[in-house]
Every structure is written in C-alpha cells, then in structure tokens.
Amino acid sequence: MTTIEDAITIKIKTVHEQRGKLAVIENNDIPFEIKRLYYLFDVPNDAYRGGHAHNIQNSFLIALSGSFEVHLDDGNAKKTIMLNKPNIGLFIPTGIWREIGNFSSGAVCLVLASINFDETEYIRNYKKFLSFKNR
C-alpha cells in the first residue's frame with residue numbers, strides 16, 4: 001500500500017543557455033508512461049483543487065508559473081509540499097489523497113497523468129478513501 005513517503009519530488013532535466021532555459025520530461029524521467037496532461041490556471045488564492053485520490057492513476061505535478069501547496073494524506077500521515085519552481089515536479093502515486101491550494105497570482109499547475117480520464121477510478125469521498133486504504 002502506498003504511503004506519503006512514496007510521493008517524491010523529482011528534479012526535471014534543464015538545458016541552460018544564453019537564450020533561456022529549456023526543461024525536458026521524457027517517459028523514462030518519471031515513474032510512469034504519460035497518457036494525458038492538463039493544467040490548472042486562474043485558480044483564486046482562497047480556492048483549492050483536488051480533494052480526491054485515485055484507484056489507478058499516478059500523477060506528476062509541476063508549478064509552471066507561480067506557486068501552490070500540495071497537501072498529501074495517505075490515511076495515516078499527512079504532509080504539505082510547496083511547488084514553486086518549474087524544474088521540480090511532484091510524483092503522487094495511486095492511493096494518496098491530495099488537495100492543492102494557496103495558489104499565487106498567475107500560478108499554473110501542470111499535471112501529467114498515467115491514464116486517460118476515467119471518472120470511475122476517482123475516490124472523491126474522504127470516508128471512502130479511508131475504507132479503500134484499510135482494505
């Protein structure tokens with residue numbers, strides 16, 4: 001069973017040159033094959049996103065611009081990770097509850113996902129999440 005210790009930050013390869021920086025992510029750089037990507041933007045500072053866990057999906061979050069906090073919960077322990085650099089991503093494995101909040105003005109959160117969207121694999125109720133973790 002996954003724990004919050006399995007959620008890790010990963011440094012993204014970057015190329016530095018006079019014209020600027022280039023960040024590169026390939027499938028072998030993160031612990032899953034990328035099937036989908038989406039991004040969150042224009043999220044009000046007092047709003048939060050997430051509020052769910054996944055049965056199947058692994059995720060990789062990157063703060064492309066600005067900053068936000070990712071609150072993680074494995075049913076036993078909790079931790080918060082601030083993402084604020086576009087060359088650092090957060091791998092969140094299956095079975096970890098996540099909430100994303102405290103978005104700075106202009107923040108953009110890019111999410112790389114291991115599966116195509118499937119509403120049935122989301123766990124959106126915290127009590128059901130705890131039951132899922134304790135089975």
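The values are calculated or read from the model by the stated rules, or taken from the named source; none is laboratory data. Everything quoted here is computed from the prediction, not taken from an experiment. Reconstructed Cβ throughout: ideal geometry from the backbone, glycine too, with neighbour counts over all protein chains shown.
Is it the case that K85 is farther than 20 Å from S104 by Cβ and more than 12 Å from the chain's Cα centre (by Cα)? Spelling it out, it is not the case that K85 is farther than 20 Å from S104 by Cβ and more than 12 Å from the chain's Cα centre (by Cα).
Just so you know, in segment 14-63 the residues that are surrounded by 12 or more Cβ atoms within 10 Å (Cβ to Cβ) and among the charged types (D, E, K, R) include one that is nearest to L112 (Cα to Cα), and it is R36. Among residues of segment 94-131 being within 20 Å of V43 (Cβ to Cβ) and charged (D, E, K, R), the one that is surrounded by the most Cβ atoms within 10 Å (Cβ to Cβ) is R98. Selection of segment 1-17 for residues being closer than 30 Å to L130 by Cβ and β-branched (V, I, T) yields T2, T3, I4, I8, T9, I10. Among residues of segment 9-29 that are closer than 20 Å to I81 by Cα, those with a beta-carbon under 6 Å from a residue that is assigned to a loop (DSSP other than H, G, I, E, B) at least six positions away or on a different chain give the pairs I12/I25; I12/N87.
Among the residues making up segment 1-45, those that are in a loop (DSSP other than H, G, I, E, B) and hydrophobic (A, V, I, L, M, F, W, C) are M1, A7, I12, I25, I30, F32, I34, V43. Only one of the numbered conditions (1) modelled with pLDDT under 95; (2) touching a Leu at 6+ places or on another chain (Cβ under 9 Å); (3) among the aliphatic types (A, V, I, L, M) is violated by A63, and that is (1).
The strands (runs of 3 or more DSSP E) found wholly in segment 71-126 and carrying at least 3 residues that are touching a residue at least 60 places away in the same chain (Cβ under 8 Å) occupy 78-83, 88-92, 108-113. Quick one: is G20 modelled with pLDDT of 95 or more and farther than 28 Å from R135 by Cα? No: the conditions fail for G20. Among the residues of segment 46-70, those identified as in contact (Cβ under 8 Å) with a residue 40 or more places away in the chain and not in a strand (DSSP E or B) are A47, N55, I56, Q57, N58, G66, S67. Test each condition in (1) under 17 Å from L37 (Cβ atoms); (2) outside any strand (DSSP E or B) for R135 and report the one that comes out false. It fails just one condition, (1). For E69, the conditions (1) within 17 Å of I4 (Cα to Cα); (2) at pLDDT below 95 all hold with the exception of (2).
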